[in-house]
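Participant: One structure, as structure tokens, below. Some questions next.
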Amino acid sequence: MPLVEIEHLTIAFAGREAVSELSLTIGRGDRFGIIGESGSGKSLTALSIAGLLPETATARGSVRFDGADLPTDELTMARLRGRRMGMVFQEPMTALNPLMTIGEQIAESVRFSGTDSPQIELPSLLTEVGLLPVHAQRYPHQLSGGQRQRAMIAMALAGNADLLIADEPTSALDTITQRKVLDLIAEICQRRRMTLLFISHDIRAVRALCTRVAVMQGGRLVECGDAEAVLSTPQADYTRRLLEASRIERRPRAHMPLGAQPLLSIDNVSRDYRQDGLFGWWQPPTRAVDNASFSVGAGECVALVGPSGCGKTTLARMVVGLDRVSSGQMVLDGVTYHGKDLPARLRADMSLVFQDPFGSFDPRMTIGESIGEPLHLLGQRASMERQARLVEAVTAVGLDAGMLERYPHEFSGGQRQRLAIARALVTRPRLLVLDEPVSALDMSVRGEVLRLLSRLQAEHGLTYLIISHDLDMVAAMADRVLVMEAGRIVEEGPPERLFAEPQHQLTQALVAARLPDAA
């Protein structure tokens with residue numbers, strides 16, 4: 001008997017179907033993956049199994065767990081979830097309670113599960129997911145992304161679950177941490193003989209972890225079967241398009257003239273942070289960036305890679321003038337600055353594209369207002385040609401100027417990322433700093449955005465500094481790669497050589513953690 005049986009499931013919001021006539025089964029011990037683009041109904045399918053659909057949703061059809069229909073009352077369903085189902089959410093920072101320690105939250109999950117097994121105790125759960133006893137005393141913000149995700153897995157395991165539902169558990173993690181989390185999930189499922197439902201838009205992660213896979217498009221099931229068969233010889237046109245989109249086109253390499261002056265120079269830059277509070281100044285500072293030095297030539301694309309917490313984003317914030325330098329200096333187009341003292345006349349020459357396109361837009365402002373905000377850096381002249389600049393920017397990223405009156409929530413993830421790039425282009429900058437520009441996007445949308453960035457660089461002569469943990473994207477886009485560990489640049493070189501013959505131990509670990517190609 002299958003563990004989960006879904007028959008003719010339809011989920012609608014205000015009469016609009018988000019999942020349509022879905023039927024599938026998940027066998028005991030299966031590692032079952034569901035792939036598809038945003039809006040395909042993957043997460044809603046998982047929420048329907050767990051009885052967690054939004055109140056505004058209406059559902060018909062049937063969902064059976066272990067041969068029985070799901071309970072209709074919430075108290076019984078909550079007991080079933082606590083004892084026999086576990087969920088690992090996409091973003092642990094928002095799923096965890098910021099006011100409770102990790103140990104308190106895991107212990108709460110054990111208590112609410114109603115399990116009397118002596119094996120289900122806090123120390124054993126911490127050990128099982130690779131956390132130390134000291135981590136139990138910390139709050140979510142004091143842990144790295146990988147540690148927070150491990151804490152979420154520990155909470156999901158609190159009730160001796162038969163089914164583990166993991167919804168995009170690795171999308172925001174660096175390469176090494178992602179591989180560790182995937183290996184941890186696989187090892188736990190095998191040891192506990194637990195069934196896995198793995199939701200992801202990362203086809204490589206699904207291929208590495210799952211034995212069976214379903215492909216969804218627009219709320220409908222388009223293909224289902226053995227993972228290796230579906231991803232090697234897909235039968236549906238949509239699946240073939242997804243696999244084709246996962247292959248990133250390599251951008252032509254830029255060749256810098258010998259002796260050319262770099263556009264940006266970073267000279268022995270360090271950044272120290274001190275603890276807050278009365279006694280903070282008595283404690284030794286934490287060094288986030290440690291004597292980093294490199295240069296970026298005009299028209300070049302340089303990528304900065306490394307594990308979470310290595311200082312990549314801190315360095316990027318100093319480059320664009322959002323943070324100050326503790327020591328060292330930076331030079332942009334011959335002008336020396338130290339972070340926040342970046343001269344106003346140079347701020348328009350530099351733009352930052354944030355990782356989360358939704359979080360970087362003010363929901364109360366129209367897209368036109370948001371994109372036009374940086375124009376104050378150019379003074380009166382830009383104000384006079386404001387509308388022309390806005391139209392130029394959105395047209396450059398392949399969108400229609402009629403969208404300027406809409407609000408951020410009215411766009412898809414890919415459109416919002418294009419609009420974030422448009423906002424960065426509105427001042428006609430020379431240098432773009434891109435912080436994880438495609439990590440939150442579907443495979444197909446990721447390909448579109450990367451092709452857009454390549455085209456814009458060729459047409460406008462842009463210079464890119466890319467912060468990323470996606471080595472495949474870096475290999476396709478970058479002329480040079482800098483590897484960062486504990487605030488230091490530990491290795492540098494063209495991606496072809498660096499990834500083929502890594503010299504530093506961290507670079508070797510990053511390359512070893514790369515998932516195999518999706519196709």
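The values are calculated or read from the model by the stated rules, or taken from the named source; none is laboratory data. Treat the numbers as computed from the prediction; the structure is a model and nothing was measured. Counting neighbours? That spans all protein chains shown, and the Cβs are built from the backbone with ideal geometry, glycine included.
Participant: For the stretch 64-117, enumerate the residues that are charged (D, E, K, R) and under 30 Å from SER23 (Cα atoms). Reasoning before the result, please.
Facilitator: Of the residues in the stretch 64-117, the ones charged (D, E, K, R) are 64, 66, 69, 73-74, 79, 81, 83-84, 91, 104, 108, 111, 116.
Correct list: ARG64, ASP66, ASP69, ASP73, GLU74, ARG79, ARG81, ARG83, ARG84, GLU91.
Participant: Can we say GLN149 is without any contact (Cβ under 8 Å) to a residue 40 or more places away in the chain and assigned by TED's automatic domain parsing to the domain that holds PHE112?
Facilitator: Values: without any contact (Cβ under 8 Å) to a residue 40 or more places away in the chain: no; assigned by TED's automatic domain parsing to the domain that holds PHE112: yes.
Judged against the criteria, GLN149 is not a match.
Participant: Further question on the same structure: Can you tell which of ALA292, ALA227, ALA288 is aliphatic (A, V, I, L, M), closer than 30 Å to SER23 by Cβ and either surrounded by 15 or more Cβ atoms within 10 Å (Cβ to Cβ) or modelled with pLDDT of 85 or more (or both)?
Facilitator: On the way: ALA292 fails: closer than 30 Å to SER23 by Cβ; ALA288 fails: closer than 30 Å to SER23 by Cβ.
None of the other options fit; the residue is ALA227.
Participant: Out of everything in the stretch 303-341 that is under 18 Å from the mean Cα position of the chain (by Cα) and aliphatic (A, V, I, L, M), what residue ends up being farthest from LEU434 (Cα to Cα)?
Facilitator: Ranking the candidates gives VAL305 first.
Participant: Here are some conditions: (1) in contact with a Pro (Cβ under 9 Å, 6 or more places away or on another chain); (2) touching a residue at least 40 places away in the same chain (Cβ under 8 Å). THR25 meets all but one. Which one does it not meet?
Facilitator: THR25 satisfies all of (1) in contact with a Pro (Cβ under 9 Å, 6 or more places away or on another chain); (2) touching a residue at least 40 places away in the same chain (Cβ under 8 Å) except (2).
Participant: Counting only residues that are at pLDDT below 85 and touching a helix residue (DSSP H, G or I) at 6+ places or on another chain (Cβ under 7 Å), which one in the stretch 345-374 is nearest to ARG430 (Cα to Cα)? Explain how you work it out, then say what you get.
Facilitator: Just the residues of the stretch 345-374 that are at pLDDT below 85, to begin with: 345, 354-360.
Add one more test, that the residue is touching a helix residue (DSSP H, G or I) at 6+ places or on another chain (Cβ under 7 Å), and what stays is 354, 357-358, 360.
Details: PHE354: 17, PRO357: 21, PHE358: 24, SER360: 21 Å.
Of everything passing the filter in the stretch 345-374, PHE354 is nearest to ARG430 (Cα to Cα).
Participant: Still on this model: Return yes or no: is SER439 within 26 Å of ILE34 (Cα to Cα), polar (S, T, N, Q) and part of a loop (DSSP other than H, G, I, E, B)? First the steps, then the outcome.
Facilitator: On the way: within 26 Å of ILE34 (Cα to Cα): yes; polar (S, T, N, Q): yes; part of a loop (DSSP other than H, G, I, E, B): yes.
It is true that SER439 is within 26 Å of ILE34 (Cα to Cα), polar (S, T, N, Q) and part of a loop (DSSP other than H, G, I, E, B).
Participant: When you scan the stretch 142-155, do you find a residue that is in a loop (DSSP other than H, G, I, E, B) and within 24 Å of ILE49 (Cα to Cα), even just one? Give the steps one after another, and end with the answer.
Facilitator: Kept after step one, since they are in a loop (DSSP other than H, G, I, E, B), are these residues of the stretch 142-155: 143-144.
Going one step further and asking which of them are within 24 Å of ILE49 (Cα to Cα), we end up with none.
The answer is no; no qualifying residue exists.
Participant: Going by the conditions given, is SER48 buried (at least 18 other Cβ atoms within 10 Å of the Cβ), of a type in the set (S, T, N, Q) and assigned by TED's automatic domain parsing to the domain that holds GLU17? Explain how you work it out, then say what you get.
Facilitator: Working: buried (at least 18 other Cβ atoms within 10 Å of the Cβ): yes; of a type in the set (S, T, N, Q): yes; assigned by TED's automatic domain parsing to the domain that holds GLU17: yes.
In short, yes.
Participant: Considering only residues that are surrounded by fewer than 24 Cβ atoms within 10 Å (Cβ to Cβ) and more than 21 Å from the chain's Cα centre (by Cα), look in the stretch 201-213 and name the one that is farthest from ALA12 (Cα to Cα).
Facilitator: Checking each candidate, the answer is THR211.
Participant: If you go through the stretch 481-490 one residue at a time, do you hit one that is crowded, with 21+ Cβ neighbours inside 10 Å, under 23 Å from the mean Cα position of the chain (by Cα), part of a helix (DSSP H, G or I) and among the aliphatic types (A, V, I, L, M)?
Facilitator: Among the residues of the stretch 481-490, not one is crowded, with 21+ Cβ neighbours inside 10 Å, under 23 Å from the mean Cα position of the chain (by Cα), part of a helix (DSSP H, G or I) and among the aliphatic types (A, V, I, L, M), which makes the answer no.
Participant: Sticking with this structure for a sec: Output yes when any residue across the stretch 150-164 is polar (S, T, N, Q) and under 28 Å from ILE467 (Cα atoms), and no when none is.
Facilitator: So the first thing to find is which residues in the stretch 150-164 are polar (S, T, N, Q), and the list is 160.
Then keep just the ones that are under 28 Å from ILE467 (Cα atoms); that gives none.
Scanning the stretch 150-164, I find no residue that is polar (S, T, N, Q) and under 28 Å from ILE467 (Cα atoms), so the answer is no.
Participant: Still on this structure, I have one more. Can you find, within the stretch 173-185, the residue that is farthest from ILE106 (Cα to Cα) among those that are out of contact with any helix residue (DSSP H, G or I) (no Cβ under 6 Å at 6 or more places or on another chain) and surrounded by fewer than 22 Cβ atoms within 10 Å (Cβ to Cβ)? Walk me through how you get there before you give the answer.
Facilitator: So the first thing to find is which residues in the stretch 173-185 are out of contact with any helix residue (DSSP H, G or I) (no Cβ under 6 Å at 6 or more places or on another chain), and the list is 174, 178-180, 183-185.
This time we only want the ones that are surrounded by fewer than 22 Cβ atoms within 10 Å (Cβ to Cβ), so: 179-180, 183-184.
Numbers: ARG179: 23, LYS180: 20, ASP183: 21, LEU184: 18 Å.
So, considering only residues that are out of contact with any helix residue (DSSP H, G or I) (no Cβ under 6 Å at 6 or more places or on another chain) and surrounded by fewer than 22 Cβ atoms within 10 Å (Cβ to Cβ), the one farthest from ILE106 (Cα to Cα) is ARG179.
Participant: What is the residue count in the stretch 74-113 for residues that are under 21 Å from the mean Cα position of the chain (by Cα), in a helix (DSSP H, G or I) and more than 13 Å from ALA156 (Cα to Cα)?
Facilitator: Quick first cut of the stretch 74-113, residues under 21 Å from the mean Cα position of the chain (by Cα) only: 87-98.
Then keep just the ones that are in a helix (DSSP H, G or I); that gives 92-95.
From the residues that got through so far, the ones that are more than 13 Å from ALA156 (Cα to Cα) too are 93-94.
Of the residues in that region, 2 qualify.
Participant: Something else about it: For residues that are under 17 Å from SER454 (Cα atoms), modelled with pLDDT of 80 or more and not in a loop (DSSP other than H, G, I, E, B), tally how many sit in the stretch 378-414.
Facilitator: Restricting attention to the stretch 378-414, the residues satisfying the condition of being under 17 Å from SER454 (Cα atoms) are 393-399, 414.
Subset that is modelled with pLDDT of 80 or more: 393-399.
Narrowing the set further to residues that are not in a loop (DSSP other than H, G, I, E, B) leaves 393-396.
Total satisfying the criteria: 4.
Participant: Looking at GLY130, GLY146, GLY159, can you tell me which residue is at pLDDT below 85 and within 21 Å of the chain's Cα centre (by Cα)?
Facilitator: Numbers: GLY130 fails: within 21 Å of the chain's Cα centre (by Cα); GLY159 fails: within 21 Å of the chain's Cα centre (by Cα).
Residue meeting the stated conditions: GLY146.
Participant: Only one residue in ALA214, ALA151, ALA136 is of a type in the set (A, V, I, L, M, F, W, C) and out of contact with any Asp or Glu (no Cβ under 9 Å at 6 or more places or on another chain), so which one is that? Working first, answer last.
Facilitator: Working: ALA214 fails: out of contact with any Asp or Glu (no Cβ under 9 Å at 6 or more places or on another chain); ALA136 fails: out of contact with any Asp or Glu (no Cβ under 9 Å at 6 or more places or on another chain).
None of the other options fit; the residue is ALA151.
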